[in-house]
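What follows is a single structure, written as structure tokens, with notes after it.
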Amino acid sequence: MKTLKKSGLSKEEIIQAYREVLRGRRLDERLWQLTRIGKTSFNISGQGAEVAQVAMAMAFDHEKDYFLPYYRDMTACLVWGMTPKDILMGSFGKDADPSSHARQMPNHYGSKEHNIVSFASTVSTQMPLATGVAYSAQLEKSDFVTLATTGEGSANQGEVQEAMNFAGVKKLPLIFVVENNKYAISVPIEEQYANEHMSDRAHGYGFEGISVDGNDFTEVYLTFKKAVEDARAGKGSKLIELRVSRLTSHSADDDQTIYRSKEEIESMKQKDPIDAMVKQLIAEKYLTEDELAKIDEEVRAEVDAATDEAEAMPEPTAESLYEEVYAK
């Protein structure tokens with residue numbers, strides 16, 4: 001694993017990155033709790049991918065670049081500018097939910113203010129949309145870059161191949177990401193695709209494919225930093241495969257113990273990327289154990305406050321049902 005110092009980020013940026021990683025985990029844990037006590041209806045988790053998502057998102061310019069996420073990308077959306085309260089309002093189905101004003105399922109992230117484009121429940125349909133967003137940068141002679149993500153299971157959808165083909169032909173400033181956690185719900189990668197890495201597919205579309213260890217913050221950050229620089233310089237698209245873990249069941253409605261052994265689940269949890277990052281932070285003298293504990297306390301308090309605030313927000317009215325349906 002590469003040292004955090006090799007990332008080129010300052011000490012303050014590294015510590016903020018860890019805070020974002022931990023905030024994603026604590027908020028995800030809260031969303032699970034809310035489903036279990038019946039206050040919300042659904043959650044689909046990104047636990048195990050937080051380090052990769054923070055490193056990925058930090059490489060972009062959040063003031064001008066566009067993000068088309070998929071349902072596990074909550075932590076990346078937080079780095080991009082959404083708040084825990086924004087996320088929680090979506091789960092509670094509140095009128096002020098920025099993703100859809102309570103018209104979408106939870107975990108369908110979107111924010112017009114932050115250039116985060118919401119997506120449909122039909123997986124990977126955000127990919128052709130991303131080509132349109134990226135193509136507009138070319139047509140307008142703008143230098144913004146578009147990021148579009150999905151999982152390795154949904155990367156087998158036809159829309160993804162069409163999007164990559166178009167991006168390759170047009171050399172779009174578009175970075176495709178496959179977050180490979182080795183399971184499409186219950187289907188393991190051995191039954192999903194035959195090539196060694198998902199990133200190998202990029203060559204068929206005329207651009208570079210890269211596979212990176214999503215547990216290595218520095219490797220992920222530097223990979224995306226270079227990809228963004230290349231895209232902004234007019235060098236076309238890339239496909240980046242993030243090899244990550246899925247520490248939870250597919251969703252709040254799934255039970256992974258049916259198709260994963262206890263030994264596999266326990267082994268995976270022993271390799272939690274947040275634990276590895278904590279060890280790095282201590283070993284490389286960025287933070288002490290006391291300082292890490294203080295950050296955790298602050299993050300928990302932030303999530304508690306956001307939960308209370310979001311739950312107290314007004315529900316959508318019946319009269320608003322037909323608003324935002326047709327263009328005005």
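The values are calculated or read from the model by the stated rules, or taken from the named source; none is laboratory data. Every value quoted in this text rests on a predicted model; they were computed, and no experiment measured them. With ideal geometry, Cβ positions are generated from the backbone for all residues, glycine too; neighbour counts draw on all protein chains shown. Side chains are part of the model used for accessible areas, which takes the heavy atoms of the whole protein and leaves out ligands, DNA and RNA. Shrake-Rupley method; radii C 1.70, N 1.55, O 1.52, S 1.80 Å.
Let me know the volume per residue of the alpha-carbon convex hull for the chain, in Å³. It would help to have the intermediate numbers written out before the result.
Working: hull volume 46.0 nm³, N = 328.
In the chain, the Cα convex hull volume per residue is 140 Å³.
Along its three principal axes, how long is the range 171-289 when you only count alpha carbons? Whole Å, largest extent first please.
46, 43, 25
Leaving out ligands, DNA and RNA, and with a 1.4 Å probe, what % of the accessible surface on the range 144-188 is carbon or sulfur? Present the calculation step by step, with values, prior to reporting the outcome.
Working: 760 of 1390 Å².
The C+S portion of the solvent-accessible surface of the range 144-188 is 55 percent.
Keeping every protein chain present and rolling a 1.4 Å probe, give me the accessible area per residue for the range 199-245 in Å². Intermediate results must be reported in sequence, preceding the final value.
Details: 1700 Å² over 47 residues.
For the range 199-245, the solvent-accessible area averages 36 Å² per residue.
How much length is gained if the chain between GLN161 and LYS39 is pulled fully straight, taking 0.36 nm per residue apart and subtracting their Cα-Cα distance, in nm to one decimal?
Numbers: separation 122, 0.36 × 122 = 43.92 nm, distance 3.86 nm.
Extending this stretch completely gives an extra 40.1 nm.
Pairs LYS5/LYS238; LYS226/LYS285; LYS170/LYS235; LYS171/LYS225: which exceed 20 Å Cα-Cα?
On the way: LYS5/LYS238 26 Å; LYS226/LYS285 27 Å; LYS170/LYS235 11 Å; LYS171/LYS225 18 Å.
Long pairs (Cα-Cα over 20 Å): LYS5/LYS238; LYS226/LYS285.
Taking each pair of different alpha-carbon atoms in the range 46-136 once, compute 1/r for the pair, average those values, and report the inverse of that mean as the Kirkwood hydrodynamic radius in Å to one decimal. Don't skip to the answer; put the middle values down first.
On the way: mean 1/r = 0.0755 Å⁻¹.
Result for the range 46-136, one decimal place: 13.3 Å.
If a paramagnetic tag sat 7 Å from the Cα of GLU113 along the Cα-Cβ line, which residues of the range 59-91 would have the backbone N under 12 Å from that point?
Output list for this probe position: 81-87.
With the crude spin-label approximation of a point 7 Å out along Cα→Cβ, what separation in nm comes out for ASP255 versus GLU208?
Rounded to a tenth, the inter-label distance reads 4.7 nm.
Between GLU29 and GLU311, what is the spin-label point distance in nm, taking each point 7 Å from the Cα along the Cα→C-beta axis?
Calculated label separation equals 1.7 nm.
Under a plain spin-label model, where a point goes 7 Å from the Cα along Cα-to-Cβ, how far apart in nm are LYS171 and ALA293?
So the label points at LYS171 and ALA293 sit 5.6 nm apart.
Kirkwood hydrodynamic radius for the range 153-225: how many Å is it when counted over pairs of different Cα atoms? The partial results should precede the final answer.
Numbers: mean 1/r = 0.0745 Å⁻¹.
Kirkwood hydrodynamic radius for the range 153-225: 13.4 Å.
How much of the accessible area of the range 1-46, probe 1.4 Å, is carbon plus sulfur, in whole percent? Walk me through the intermediate numbers first.
Values: 1060 of 2210 Å².
After summing per-atom areas, the C and S share lands at 48 percent.
What is the mean projected area of the alpha carbon convex hull for the range 223-328, to one decimal in square nanometres? Can you show the working numbers first?
Numbers: hull surface 56.1 nm².
The directionally averaged projection comes out at 14.0 nm².
How much of the DSSP bridge set in the chain is antiparallel, in percent, rounded to the nearest 5? Show your work: numbers first, answer last.
On the way: 3 of 25 bridges.
Within the chain, antiparallel bridges account for around 10 percent of the total.
Only four residue types carry charge here, +1 at the Cβ of Lys and Arg and -1 at the Cβ of Asp and Glu. Report the dipole size of the chain about the Cα centre in Debye, rounded to the nearest 20.
The calculated dipole for the chain is roughly 760 debye.
Grab the DSSP H runs of the chain that are 4 residues or longer, score each as -39,500 (n - 2.57), total them, divide by all residues and round the 222 nm result to the nearest 500 deg cm²/dmol. Don't skip to the end; give the middle numbers.
Details: 10 runs with 138 residues, N = 328.
Value at 222 nm, helices only: -13500 deg cm²/dmol.
Arranged from highest to lowest average of other beta-carbon atoms within 10 Å per residue, in what order do the peptides 181-191, 211-221, 143-153, 120-130 appear?
Details: 181-191: 14.8, 211-221: 22.5, 143-153: 24.8, 120-130: 18.7.
In descending order of packing, they fall as 143-153, 211-221, 120-130, 181-191.
Could the peptides 170-180, 78-88 be put in order, highest first, of the mean number of other beta-carbon atoms found within 10 Å of their residues?
By packing density, highest mean first, the sequence is 170-180, 78-88.
Can you list residues from other chains, or at least 5 along the same chain, whose modelled amide H is less than 5 Å from the amide H of GLU179?
THR150, GLY151, GLU152, LEU242
Over the range 25-154, give the accessible area per residue in Å² for a 1.4 Å probe, as an integer. Don't skip to the answer; put the middle values down first.
On the way: 4290 Å² over 130 residues.
Per-residue value: 33 Å².
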